[in-house]
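Asker: Here you go, one structure.
The values are calculated or read from the model by the stated rules, or taken from the named source; none is laboratory data. Owing to the predicted nature of the structure, the values given are computational and were not obtained by experimental measurement. Heads up, the Cβs are rebuilt from the backbone with ideal geometry, glycines too, and the neighbour counts pull from every protein chain shown.
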């Protein structure tokens, strides 16, 4: 007879596999006829921020065909023309995944967790790159979650259902948690990707031990020098995180914008994953205006690695200028 603990783990693993596979579309495994995206080596980048350190940690990259659906409100011809003007491929899109680690004194704060065990062969590199940067999962004392899409939360639990950052407090936006954990809304979710998103959020957070999860409101000071910034639109409760030290500012953008060569250059375009495209558009424009005026350092989850740099106004949109290698 299977031991009860093993049975629970097997059940969690089965649920996880079902939920994660429902969330992850085929392109997360890379399109075989489009080649394999290159992964940066080393997969981490350190940046000083006053008395703190910010470290970009590449979780991986997936390659998907560029189709009509990726930019929901613009003709594919215009999308391709914008990419071509920047010397980028018009056949495919490479989607990077980059969480960030903040080292503040004895604190180790991870912002989002990547795909974990649930992506394709060119993802799931967060832990390896965390170790390459000199840290292990047990060194993380806080995980800040921007929103509940799978590429941001799936790294919290492995296929056995175990918590990867077992010593960490997990902090998440209250509005985001309430939306995804609402029983009536989950029951009414259409089959397919949306149903999978609900199941995946519940797999991740539903059985989290008491005291491990802490919910926060927009504008809250989460830790000394780290503040939550409301960024609703991409999801109902998404948050960005602002880090300040000795007069310097870093802002983790999460999914304020997806690929910057498209959605920063044209902030009115909506990526297919924006749940409320109009709210996301308003949030994006207001946030970029503030960021540029403050000359803040930014980190974008889906920005090309090292995914950290500054935004500059360009025409009716914005340009991402990565820090020099």
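Asker: Within region 134-148, identify whether any single residue is in a loop (DSSP other than H, G, I, E, B), modelled with pLDDT of 95 or more, on the phi > 0 side of the Ramachandran plot and surrounded by fewer than 24 Cβ atoms within 10 Å (Cβ to Cβ), and answer yes or no.
Answerer: Yes, some residue in region 134-148 is in a loop (DSSP other than H, G, I, E, B), modelled with pLDDT of 95 or more, on the phi > 0 side of the Ramachandran plot and surrounded by fewer than 24 Cβ atoms within 10 Å (Cβ to Cβ).
Asker: Condition check: touching a helix residue (DSSP H, G or I) at 6+ places or on another chain (Cβ under 9 Å), under 26 Å from residue 74 (Cβ atoms), modelled with pLDDT of 95 or more and outside any helix (DSSP H, G or I). Does residue 237 satisfy that?
Answerer: When the stated conditions are applied, residue 237 does not pass them.
Asker: Mind listing whichever residues of region 56-73 are assigned to a loop (DSSP other than H, G, I, E, B) and within 18 Å of the chain's Cα centre (by Cα)? Break it down stepwise before answering.
Answerer: Kept after step one, since they are assigned to a loop (DSSP other than H, G, I, E, B), are these residues of region 56-73: 58-59, 66-70, 72-73.
Once the filter is applied, which keeps residues that are assigned to a loop (DSSP other than H, G, I, E, B) and within 18 Å of the chain's Cα centre (by Cα), region 56-73 yields 58, 59, 70.
Asker: Could you check, for region 52-68, whether at least one of its residues is surrounded by fewer than 21 Cβ atoms within 10 Å (Cβ to Cβ) and touching a residue at least 60 places away in the same chain (Cβ under 8 Å)? Lay out the reasoning, then the answer.
Answerer: Going through region 52-68, the residues surrounded by fewer than 21 Cβ atoms within 10 Å (Cβ to Cβ) turn out to be 53, 64-68.
Narrowing the set further to residues that are touching a residue at least 60 places away in the same chain (Cβ under 8 Å) leaves none.
Within region 52-68, not a single residue is surrounded by fewer than 21 Cβ atoms within 10 Å (Cβ to Cβ) and touching a residue at least 60 places away in the same chain (Cβ under 8 Å).
Asker: Now for a different question. If a residue has to be outside any strand (DSSP E or B) and crowded, with 23+ Cβ neighbours inside 10 Å to count, how many in region 157-170 make the cut? Working first, answer last.
Answerer: First, the residues of region 157-170 that are outside any strand (DSSP E or B): 158-162, 164-168.
Still in the list and also crowded, with 23+ Cβ neighbours inside 10 Å: 165.
The total comes to 1.
Asker: Then there's this: Within region 184-201, identify whether any single residue is part of a loop (DSSP other than H, G, I, E, B), modelled with pLDDT of 95 or more, touching a helix residue (DSSP H, G or I) at 6+ places or on another chain (Cβ under 7 Å) and within 21 Å of residue 111 (Cα to Cα), and answer yes or no.
Answerer: No, because not a single residue in region 184-201 is part of a loop (DSSP other than H, G, I, E, B), modelled with pLDDT of 95 or more, touching a helix residue (DSSP H, G or I) at 6+ places or on another chain (Cβ under 7 Å) and within 21 Å of residue 111 (Cα to Cα).
Asker: Now for a separate question. Could you look through region 205-234, keep only residues that are at pLDDT below 95 and touching a helix residue (DSSP H, G or I) at 6+ places or on another chain (Cβ under 9 Å), and pick out the one that is surrounded by the fewest Cβ atoms within 10 Å (Cβ to Cβ)?
Answerer: Narrowing region 205-234 to residues at pLDDT below 95: 206-211.
Among the residues that remain, those that are also touching a helix residue (DSSP H, G or I) at 6+ places or on another chain (Cβ under 9 Å) are: 207-208.
Values: 207: 11, 208: 14.
Filtering first and then ranking leaves 207.
Asker: If I ask for residues that are closer than 18 Å to residue 309 by Cβ, touching a helix residue (DSSP H, G or I) at 6+ places or on another chain (Cβ under 7 Å) and not in a loop (DSSP other than H, G, I, E, B), which ones from region 255-273 would you list?
Answerer: Of everything in region 255-273, those that are closer than 18 Å to residue 309 by Cβ, touching a helix residue (DSSP H, G or I) at 6+ places or on another chain (Cβ under 7 Å) and not in a loop (DSSP other than H, G, I, E, B) turn out to be 261, 262.
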